[in-house]
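Accompanying notes for the structure given below.
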Amino acid sequence: MMLWQVVPGAMLSRRERFWLVAMGHRLEEMVRTADAAASDPVTPDPLIVNIGVYKGASMHCLRKGSPGATLVGIDVGVSMVHAADVLRAELIVRDSRKVKWNRPIDLLFVDGGHTYEVVRSDIERFGPHVVAGGIMALHDYGRSDEYIEERGRRRPNRPPLGVRKAVDELCTEDQGWEVLAIVDSIKAFRKAV
Ligand SMILES: C[S@@+](CC[C@H](N)C(=O)[O-])C[C@H]1O[C@@H](n2cnc3c(N)ncnc32)[C@H](O)[C@@H]1O
């Protein structure tokens, strides 16, 4: 069953494909593809920023596919500080709207506050630091029509409206974001080169 759609013609390295799977918490597929992702030479030492850590599921997944990455998690209240060593992650325990950021980002995963205001701020504050060719993926955008058609409406497709509104306004081709894939309810973009 096809569960996620990559935009036709979009080029994805093995590691990028894994990242998308990992952020969607697609565990079976992750296990199958983790080794290939880990040895992918295309983006050997990426810098990954995960806004919204919660208990660390996405952080664990991202680390699994990117052993050499610099992994940074941002959350107002991180409950997995004890796991930072295991993950070899930097944790910034702060409201993402107050984080001063100036490092180039290869992968930005936005899954923190889901209001329009916070998502907008995350895109505006961190998006400009995504390198050309890098990826920004946002959770809870809402599932695609194709996904719903294939899987049925087992779960209501009611994404938090703030995410979709901010993404639709700010992640356009005019603003340098090309749609790359829709994975479950994640929408991913590649920054134009
Ligand atoms: C949906 S959870 C993240 C789930 C996580 N990605 C995972 O894989 O389990 C959202 C997280 O965002 C955090 N959060 C909410 N508003 C935030 C903000 N303004 N800045 C930073 N973190 C925020 C919450 O504390 C919560 O842990």
Checklist entry - Over the Cα atoms of segment 69-135, what is the Rg over Rh ratio if Rh follows Kirkwood? => result 0.96
Checklist entry - Relative to the present Cα-Cα distance, how much length would full extension add between residue 193 and residue 88 at 0.36 nm per residue of separation? => result 34.8 nm
Checklist entry - What's the extension gain from residue 175 to residue 97 if we count 0.36 nm per residue and subtract their Cα-Cα distance? => result 26.0 nm
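Every read-out reported here was derived from the displayed coordinates using simple, explicitly stated rules and does not represent laboratory data. The shown structure was predicted, so the numbers you read here are calculated from the model rather than taken from an experiment.
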